[in-house]
């Protein structure tokens, strides 16, 4: 990717900071997943093998280490890092709506929803009346 295609830097680290935030978020999500998975797995093994369940602190520490290792491996992967960087560059090109635009669009959606519900309600009432006459 040439320098002309990249977005303007958004602060000191530019796009790179958003890539790093994505990997940190991925590490936190992976930690949560591993913690629950390892706790359930340890409980299952303890029940099947009649051994005591390991301390929750050990499971959490192991989950943290496994999550950090997983994210380091993912961060060093050229394909995954490149994909994450491209996503951050594309998101930097997005023009986000202002608060006023968001509010006016919300009002439009609300009004159109009320009108649509009214029309559908009228059709439903008419159809019910017609089917009541037939039956």
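The values are calculated or read from the model by the stated rules, or taken from the named source; none is laboratory data. The model shown is predicted, which means the values in this text are computed figures rather than measured ones. Neighbour counts are summed over all protein chains in view; Cβ atoms, including those assigned to glycine, are modelled from backbone coordinates with ideal geometry.
The figures follow:
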item	result
Pair list, Cβ < 9 Å and 6+ apart or interchain, from segment 44-64 residues that are surrounded by 12 or more Cβ atoms within 10 Å (Cβ to Cβ) to residues that are not in a helix (DSSP H, G or I)	45/51; 45/53; 46/52; 46/53; 46/54; 59/53; 62/54
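Rundown of residues vs (1) modelled with pLDDT of 95 or more; (2) more than 30 Å from residue 19 (Cα to Cα); (3) out of contact with any helix residue (DSSP H, G or I) (no Cβ under 8 Å at 6 or more places or on another chain), yes/no style:
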site: 93; (1), (2), (3): no, no, yes
site: 96; (1), (2), (3): no, no, yes
site: 100; (1), (2), (3): yes, no, yes
site: 106; (1), (2), (3): yes, yes, yes
site: 111; (1), (2), (3): yes, yes, yes
site: 121; (1), (2), (3): yes, yes, yes
site: 127; (1), (2), (3): yes, yes, yes
site: 133; (1), (2), (3): no, yes, yes
